[in-house]
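Structure record follows, encoded as structure tokens.
Laboratory data are not the source of any read-out in this text; all were calculated from the coordinates shown. The structure displayed is predicted, hence computed values, not measured ones. Note: ideal-geometry Cβ built from the backbone for every residue, glycine included; neighbour counts use all protein chains shown.
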Amino acid sequence: MIKKLPQHLINKLKAGEIVERPVSIVKELVENSLDAWATQISMEISAWGKKLIKIQDNGTGMTKEDLQMSVERYATSKLDETSDIEMIESYGFRGEALASVSEVSIFRIQTRQAAETESGVWYELYRAEGRYDIKQIPFAREHGTTVFVEDVFHHIPAREKFLKSDSTERNYIKKMFLQYALVHRDKKRELLKDGKSMYSFLPADSLMERVLSLTKKDREKNLKTLAYQDKQLEIFGVAGDASLHFATGQYFWLFVNGRPVQDRVLKSAVMEAYRRQIVPGSHPFVCLFLEIDPRQVDVNVHPRKLEVKFLDPWSVHTRVKETIREAIGSQKVNYAAFNQEAVRSSSHPSSGSGKRFNAEQYRQHQSGLTESQIQWLKQVWSMKNWAEAMMFGAADMDKVHLGQSQLWTELMVVGEQESYTLIGQLRQSYILLQAPDALVYIDQHALAERIAFEQMKKKITADGFSSEVLLQPLSLEIPKDIDIDEKIELLWTIGFDASVLSERKLVIYSIPRVFHEWKVDIELIINRVWWAKHNAQGPELFGLMVDEMVGMKACKASIKAGQKLSPQEMKQLVQDGFTYIPGMFVCQHGRPSAVRIEKGNVDGLFERH
């Protein structure tokens, strides 16, 4: 028998959508404080939010009447008309948060409105025996609101067993706290655990200042500013160059109209911008803000407002990708991952054992260089000129191939930002260059492969989507559950001429010229189209297919490791890299083709400061 659920059960079910874990509550309460124009927000937690969540702010506060309404479901001050849904600019708008939180926990609110004239009078709302009561209380602060959430899953204990470990819940809360610290840089914020301060931020003058407070200060040289603006969209933020990449997304922040989001369109655009810049599977350093006309984005598509939906996602995707590429595209050579802290500690006594952390230990554990390489570097930097280094390398390092007959002026490679002097070839696999204050190791095969890739792709791009008519039309079966109208349109946009012969039969009359010239298996290409994501864009899909095809050809046609090169061949290869490769020197798979070792890093290996 179908029957209507009692209201108290409906409320608990609705609360389960909002209150997934402690951080869900923290997020909703912090957003209420921000919507109340708070300039100071303090967050205190115990047992990582499971026992206590306390949010205190100096916002506008509430009257007694508003306090009573605040815990009613679908009661809000943010919306009046249906049209307001299309212009949402506040964090909260549904009027569900406090009602949901109060359903699952032991809950109290203390508040005083800024305009309240009666001195020292605050109101406290608390829940007792299933109903809400309000009383007056004395309080020292002028105005604001404090919310206490104790025993978070008191009324739905089954939910608590699905929580992760304390460390996981801690990381969720920490991440959320830092997200809002980035958005609201003009506000004082503090996170306390069991009464002890974990994080405290004073107002910051700029986004870069706040970002640097969350990471190592010496990374500033590797951070680029993002800036783009048109009539409907503004993009700003900070993006790390290719030397900053991490195993996790700890430095990956996305915001839309000041709201932290986990948006697939934006993430895809960011990762596409870093394609062939960082190692596949790693995460870049990105703090990305989008300010967009509220009518161009729907924030009401997720119960906890973590996702958004753009009216024109492809346009947003393209703008974000291009903005990041422009910002990070100037750097060519990656920096070697030296541990500066270990270098500095090598010249100071160890606090534990009293022994010095010496260069030998550092060489073994941090640099990744062999003993012979380190000794050679020491000799090279101690010489008066690089001609002597050439002779040293030729005489004493049989695995370094050098051209001694060429004048150094003939072996200069001109880059976009600095010039390099060719030293020679190491182990017939690596080209060694001198920069003004660094050595650069280049993987000759990886660099040659990427150059060939870019040259081939440039030719294909010049041809565009031009087609070649097949002498014999190709008939293919259409899989079940395929939106054939969408797929036919996609095929047309990338240079195919095709039509539906019957319900399950597709006929192809012409194909993109590049696929004909390179004798590509058309059935494999069509399968990629069948199973492309919904609303896939033709140019993007075509580019991915061409990348895969060209990548295999480029690898086979390239200079190999172990191949001896003359000085002029080495010079030409590196010069071609600067000519043809946009952005970082990496192969098309994303692995670095060049590594830069700063002189200061090598000085540290020998405790020379």
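A few remarks follow.
- Longest to shortest principal axis, alpha-carbon extents of segment 222-277, angstrom: 34, 21, 18
- Residue 141 long-range amide H proximity, modeled H, under 5 Å: none
- Summing Lys and Arg as +1 and Asp and Glu as -1 over all other residues whose Cβ lies under 9 Å from the Cβ of residue 212 gives a net charge of +2.
- Estimated inter-spin distance, residue 507 and residue 568, nm [label 7 Å along Cα→Cβ]: 5.8
- Segment residue 229-residue 484, extension gain: residue separation times 0.36 nm, minus the distance between their alpha carbons: 88.1 nm
- D_trans [Stokes-Einstein, Kirkwood Rh over alpha-carbon pairs] for segment 1-69, 20 °C, 1.002 mPa s, µm² s⁻¹: 151
- Translational D in µm²/s for segment 150-269 (Stokes-Einstein at 20 °C, 1.002 mPa s, Kirkwood Rh from C-alpha pairs): 127
- Checking the Cα-Cα distances for 224/459; 187/224; 135/164 against a 27 Å cut-off, the pairs over it are 224/459; 135/164.
- Length released on extending from residue 312 to residue 418, taking residue separation times 0.36 nm less the Cα-Cα span: 34.1 nm
- Computed label-point distance, nm, for sites residue 531 and residue 164 using a 7 Å Cα→Cβ extension: 2.9
- If you plug the beta carbon distance of residue 219 and residue 523 into 1/(1 + (r/R0)^6) with R0 = 56 Å, you get a FRET efficiency near 0.70.
- Projected over all directions and averaged, the alpha-carbon convex hull of segment 480-609 occupies 13.2 nm².
- Cα Rg, Dmax (largest Cα-Cα span) when computed across segment 419-458, Å: 12.0, 34
- Unsatisfied cross-links (Cα-Cα over 26 Å) in the set 231/267; 175/267; 196/267: 196/267
- Local net charge near residue 444, Cβ-Cβ under 13 Å (Lys/Arg +1, Asp/Glu -1): +1
- Anisotropy class of segment 176-232 from Cα gyration tensor, a/c 1.5 cut: oblate
- Using only the C-alpha atoms, the convex hull of segment 261-329 corresponds to 95 Å³ per residue.
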